[in-house]
Amino acid sequence: MPTVYYGTVHRYKSLIGRPGTPVRPMLPFRIVHLGRTTQELFALVDSGADVSTFHVTVAALASIDLASTRRETAQGLGGVATTYVSSVILEVEGRRFPADVHSVTTVPPTVALLGRRDVFRQFRFGFDERASKLLVEPYS
C-alpha cells in the first residue's frame, strides 16, 4: 500500500470561533479577482462539495459583480438553489490556481466550502478525526 506524506497539519477550527462550538477541517484562503486580493478567510474542506461555494458576501469582498456572473442551478442537502458562478484565482496554502467559485444566498454568511473540482485537484487531504487535524500535501 502506498504511503502518503502530508507536509502540513492544521488543527480543526470552529466556524464561529467560540469555545465549545464544534471544530471542523478548515483552511485559510484568499480570492484574487480584478487585481485585488481579499483578506484571509476560512472555509471548510468539504469532500462532499463538488465545487467551492461561498455566501454572496464573500463575492462582495472580492469585488465580484453578481449581475455579470453565469447563473446555475445546484442541488445540495439544503435543496435546489441558484448559484452565481465566477472565474477567480483561489489562493490556498500559498498556491494560486484558477477556480470557478459559486456564490449563494442559501447558506449562512459564515459558511464557505472548498470543493473537489478545484481545491481537491491541487492538494491531497487526510482527515484525522481523533486528533482533530487536517493533513495537507500539494500535488507537484
Exercise. Residue by residue, what Karplus-based ³J(HN,Hα) values in Hz, rounded to whole numbers, does region 123-140 have, using 6.51, -1.76 and 1.60 with θ = phi - 60° and x for Gly and Pro?
Worked result: 9, 8, 10, x, 10, 9, 5, 4, 8, 6, 10, 9, 9, 9, 9, x, 6, 7
Seminar exercise, completed: Hits in region 31-60: amide N under 15 Å from the 7 Å Cα→Cβ extension of Arg18, namely none
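Using the number of other C-beta atoms within 10 angstrom as an exposure proxy, rank Leu41, Leu113 with the fewest first.
Going from sparsest to densest Cβ surroundings: Leu41, Leu113.
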Exercise. In the P(r) worked out for region 8-138, what percent of Cα pairs fall beyond 26 Å?
Worked result: 19
Exercise. Between Phe97 and Thr57, what length in nm is gained on full extension when 0.36 nm per residue of separation is reduced by their alpha carbon distance?
Worked result: 12.3 nm
Exercise. How big is the equivalent ellipsoid of region 50-96 along its three axes, where each semi-axis is √(5λ) from the Cα gyration tensor, reported in whole Å from largest to smallest?
Worked result: 20, 15, 9
Problem set entry | Relative contact order, percent, the chain [alpha-carbon distance under 8 Å, six or more residues apart] | 31
Exercise. What are the ³J(HN,Hα) values, in whole Hz, obtained from phi via the Karplus relation 6.51 cos²θ - 1.76 cosθ + 1.60 with θ = phi - 60°, for each residue of region 26-32 in sequence order, with x given for Gly and Pro?
Worked result: 10, 10, x, 8, 9, 10, 10
Exercise. Which whole-Hz ³J(HN,Hα) couplings does region 40-47 yield from phi under the Karplus relation 6.51 cos²θ - 1.76 cosθ + 1.60, θ = phi - 60°, glycine and proline marked x?
Worked result: 5, 10, 10, 9, 6, 7, 10, 5
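All of the numbers you see were taken from the coordinates with simple rules; none came from a lab. None of these values were measured; they are calculated from a predicted model. Cβ atoms come from the backbone with ideal geometry, glycine included; neighbour counts cover every protein chain shown.
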